[in-house]
1. Among the numbered conditions (1) within 20 Å of residue 167 (Cα to Cα); (2) in contact with a helix residue (DSSP H, G or I) (Cβ under 8 Å, 6 or more places away or on another chain); (3) outside any loop (DSSP other than H, G, I, E, B), tell me where residue 115 comes up short.
2. In this structure, does residue 371 turn out to be assigned to a helix (DSSP H, G or I), out of contact with any helix residue (DSSP H, G or I) (no Cβ under 7 Å at 6 or more places or on another chain) and at pLDDT below 85?
3. Suppose the filter is in contact (Cβ under 8 Å) with a residue 24 or more places away in the chain and closer than 18 Å to residue 55 by Cβ; does residue 140 pass it?
4. Can you pull out the residues in the range 13-56 that are out of contact with any helix residue (DSSP H, G or I) (no Cβ under 7 Å at 6 or more places or on another chain), modelled with pLDDT of 90 or more and assigned to a loop (DSSP other than H, G, I, E, B)?
5. Taking the residues in the range 341-354 that are assigned to a loop (DSSP other than H, G, I, E, B) and more than 19 Å from residue 144 (Cα to Cα) as candidates, determine which candidate is modelled with the lowest pLDDT.
6. Would a scan of the range 197-211 turn up a residue that is in a loop (DSSP other than H, G, I, E, B) and either over 26 Å from residue 145 (Cβ atoms) or at pLDDT 95 or above (or both)?
7. Of the conditions (1) in contact with a strand residue (DSSP E or B) (Cβ under 8 Å, 6 or more places away or on another chain); (2) surrounded by 13 or more Cβ atoms within 10 Å (Cβ to Cβ); (3) in the same structural domain as residue 162 (by TED's automatic domain parsing), residue 56 clears all except one; give me its number.
8. Being in a strand (DSSP E or B) and in contact with a helix residue (DSSP H, G or I) (Cβ under 7 Å, 6 or more places away or on another chain) is the filter; apply it to the range 78-109 and report the residue that is surrounded by the fewest Cβ atoms within 10 Å (Cβ to Cβ).
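The values are calculated or read from the model by the stated rules, or taken from the named source; none is laboratory data. Note that the structure is predicted; figures quoted are calculated from it, not measured. Backbone-built Cβ (ideal geometry, glycine too); neighbour counts: all protein chains shown.
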């Protein structure tokens with residue numbers, strides 16, 4: 001179900017906790033999330049339907065009718081079934097591990113306004129069993145792997161759930177789960193209920209500042225989804241500081257590491273500036289020193305079938321006009337669904353090691369083994 005968003009949303013908490021005036025600042029800008037957000041919303045609707053069928057009483061006719069509505073949406077693809085099945089299977093396996101029957105609630109509105117002024121959000125799945133609260137969140141994006149560790153969105157949902165159910169359950173432990181099936185990413189984090197409350201008390205004064213639009217503008221990795229990122233002065237100051245290091249003619253390895261870290265943000269910043277400038281120029285406004293021009297384009301046929309029919313009538317064999325090549329695995333998953341494709345040809349699918357790639361040390365992937373590097377490059381790695 002589409003979620004009504006609070007001014008200080010849980011999904012934006014990483015941003016407004018670290019840069020408290022940002023929530024008020026970005027309200028000046030339109031939401032440009034676009035089709036990716038709409039696709040995620042549709043996937044959440046499908047996942048919600050499947051969970052309700054699993055854990056609630058639902059007539060089969062009602063389920064089929066709602067499923068048909070979702071599948072008729074232009075953004076629906078068959079692969080969405082496999083990915084949402086993986087999410088539902090994870091929750092089922094979690095519940096089956098309990099000694100008894102847990103309490104499961106789907107798409108639960110959670111109020112955490114005791115910590116964040118006007119704060120509320122929707123938990124994808126809340127599970128209670130014995131003295132433990134579970135918050136499970138579906139992430140349908142495939143751009144960046146999301147971690148449950150120290151995740152403020154999940155912690156705010158957990159605070160809302162503790163507030164909601166503390167009269168019925170003695171909650172001592174909190175476990176948070178992120179299921180991101182398109183990246184095969186499952187991440188968990190846990191803490192005691194007391195530790196959660198202590199974290200909430202530390203966030204409370206920051207939330208109060210954010211609600212008032214006060215505090216210090218601070219740039220960081222939390223700028224990624226900020227609507228004001230292109231014009232934000234604090235981010236510009238941070239980006240333009242890149243390279244202001246020592247005067248030695250050669251960079252040290254430590255400086256190269258620092259500049260690489262900063263340059264990742266710089267690339268994203270420059271892209272946001274280009275997108276902003278393009279919008280302004282299209283709207284007829286001026287960006288000094290820049291203009292819109294016609295980009296490169298490729299020739300195309302207005303009617304491929306008609307054109308090829310002319311070629312065939314002129315004596316060209318159809319076999320010469322068409323190429324036959326197999327679909328790649330991504331296209332096959334869209335055609336068959338990931339789960340069904342695995343059942344059919346899983347024995348033929350392998351995933352060879354990827355090439356070495358330089359990433360920040362905080363990346364969750366395991367580093368390349370030294371022996372493997374030596375094997376790949378035919379010598380000792382330094």
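1. That leaves (3) as the condition not met.
2. Working: assigned to a helix (DSSP H, G or I): yes; out of contact with any helix residue (DSSP H, G or I) (no Cβ under 7 Å at 6 or more places or on another chain): yes; at pLDDT below 85: yes.
Yes.
3. On the way: in contact (Cβ under 8 Å) with a residue 24 or more places away in the chain: yes; closer than 18 Å to residue 55 by Cβ: no.
Judged against the criteria, residue 140 is not a match.
4. The first filter runs over the range 13-56 and keeps only residues out of contact with any helix residue (DSSP H, G or I) (no Cβ under 7 Å at 6 or more places or on another chain), leaving 21, 24-41, 44, 48, 52, 55-56.
Checking the rest, the ones that are also modelled with pLDDT of 90 or more come to 21, 24-25, 39-41, 44, 48, 52, 55-56.
Correct list: 21, 56.
5. Step one: filter the range 341-354 for residues assigned to a loop (DSSP other than H, G, I, E, B), giving 349-354.
The next check asks that each one be more than 19 Å from residue 144 (Cα to Cα); those that pass are 349-353.
Working: 349: 91, 350: 89, 351: 84, 352: 83, 353: 77.
Restricting to residues being assigned to a loop (DSSP other than H, G, I, E, B) and more than 19 Å from residue 144 (Cα to Cα), the top hit is 353.
6. Filtering the range 197-211 down to residues in a loop (DSSP other than H, G, I, E, B) leaves none.
Within the range 197-211, none of the residues are in a loop (DSSP other than H, G, I, E, B) and either over 26 Å from residue 145 (Cβ atoms) or at pLDDT 95 or above (or both).
7. In the conditions (1) in contact with a strand residue (DSSP E or B) (Cβ under 8 Å, 6 or more places away or on another chain); (2) surrounded by 13 or more Cβ atoms within 10 Å (Cβ to Cβ); (3) in the same structural domain as residue 162 (by TED's automatic domain parsing), residue 56 misses (2) alone.
8. 107
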